[in-house]
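Visitor: I have a structure here, written as structure tokens, and I will follow up with some questions on it.
The values are calculated or read from the model by the stated rules, or taken from the named source; none is laboratory data. Everything quoted here is computed from the prediction, not taken from an experiment. Counting neighbours? That spans all protein chains shown, and the Cβs are built from the backbone with ideal geometry, glycine included.
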Amino acid sequence: MEKENKRKSRSEELNLENLPDQVEVIGVSFRNSSKVYYFSPKGLIIKSGSAVIVETARGLEYGRVTMSNKTVNKSEIIPPLRTIIRIANSEDAERNEANRRLEEEAMRICKKKVAEHKLEMNMVDVEYTFDNQKLLFYFTSEGRVDFRDLVKDLAGVFKTRIELRQIGIRDEAKMLGGLGICGRPFCCSSFLPDFVQVTIKMAKEQNFSLNSAKVSGACGRLMCCLRYEHETYEAAIKTTPSVGSIVSTANGQGVVIETRPLEQCIRVRLDDKQESPKLYACTDVKVLKGGKQNQVPVEPQNTDKNKEN
């Protein structure tokens, strides 16, 4: 209990109800994460890029300031708002580097113990809190894993509090990093603070092939970037005749076989005319009958040719 009270007293938690509408904060990120957490600078002016020691729900952490002093509305703050403990010094930096080396050794030992216990676990990452009071292991598994004996074994080796967390494959990709099919680093591990909701409807509206290999990221889930232009496509689709619509053009009546929402163009196959489909601006056609969104009409089959075969 005394240790718990001492831990709580390291950092002051500010009561948001008693704070003014505008609150001065700094933004802090941890390790290679792009997510920013707000902390009170405790009256100090702290430049972006500075290292600080703060207390989080996990314990003491070594973080990097990614947003210098800024005033925000208190409604943007997710409680509790903690104050920083101190600006990191050279000794703190050395300890942080030492912890990274300890983590490499901890990962090696943990993988060995997992094999000894014959557990179906794929170890992804390991983290020491700055004060070494907790050691966290992250793993993936297809099902639930009973790792109670493993935790006891690891606690006996490292003499500290052990915590094992099962994560999903998107979290695994975020932690490990890599290059996407675009050739750039994963969005989740480079700049996205949180995972966004992505649906197959977004891929359909952007005329993507629904081949899973083309719309899925390295994690096997739909690519996060499908979300980026979603609102723009939604607005453009509202003013674009859908595939299958019957439209009137300057060259006669026809059916829409392709849409280009961002260009505000459609490709129309004209009725009773043996010529290639033509491209028209949406403003140059009149919709006579609407089609079904995102559905491409089936090409008519040549029955005479089928009979010959």
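Visitor: What are the pairs, 6+ residues apart or on separate chains, where a residue within segment 250-274 that is in a loop (DSSP other than H, G, I, E, B) has its Cβ under 9 Å from a residue that is surrounded by 17 or more Cβ atoms within 10 Å (Cβ to Cβ) and among the small types (Gly, Ala, Ser)?
Guide: From residues that are in a loop (DSSP other than H, G, I, E, B), the pairs are Gln264/Ala236; Asp271/Gly254; Lys273/Gly254.
Visitor: Within segment 53-107, restricting attention to residues that are touching a helix residue (DSSP H, G or I) at 6+ places or on another chain (Cβ under 8 Å) and in a helix (DSSP H, G or I), which residue is nearest to Phe130 (Cα to Cα)?
Guide: Among those that are touching a helix residue (DSSP H, G or I) at 6+ places or on another chain (Cβ under 8 Å) and in a helix (DSSP H, G or I), it is Ala106.
Visitor: Also, quick follow-up: Name the pairs: first residue in segment 213-229 and under 18 Å from Asp171 (Cα atoms), second residue in a strand (DSSP E or B) and hydroxyl-bearing (Ser, Thr, Tyr), Cβ to Cβ under 7 Å, at least 6 apart or on different chains?
Guide: Taking only residues 6 or more apart or on different chains, the pairs are Leu222/Ser216; Met223/Ser216.
Visitor: Scan segment 278-309 for residues that are at pLDDT 85 or above and out of contact with any strand residue (DSSP E or B) (no Cβ under 8 Å at 6 or more places or on another chain) and jot them down.
Guide: Once the filter is applied, which keeps residues that are at pLDDT 85 or above and out of contact with any strand residue (DSSP E or B) (no Cβ under 8 Å at 6 or more places or on another chain), segment 278-309 yields only Thr283.
Visitor: Could you check segment 81-112 and list, in sequence order, the residues that are surrounded by fewer than 17 Cβ atoms within 10 Å (Cβ to Cβ), touching a residue at least 12 places away in the same chain (Cβ under 8 Å) and farther than 29 Å from Thr66 by Cα?
Guide: Of everything in segment 81-112, those that are surrounded by fewer than 17 Cβ atoms within 10 Å (Cβ to Cβ), touching a residue at least 12 places away in the same chain (Cβ under 8 Å) and farther than 29 Å from Thr66 by Cα turn out to be Ile109, Lys111.
Visitor: Filtering segment 257-277 down to residues that are surrounded by fewer than 16 Cβ atoms within 10 Å (Cβ to Cβ) and among the charged types (D, E, K, R), which residue is modelled with the lowest pLDDT?
Guide: So the residue we want is Lys273.
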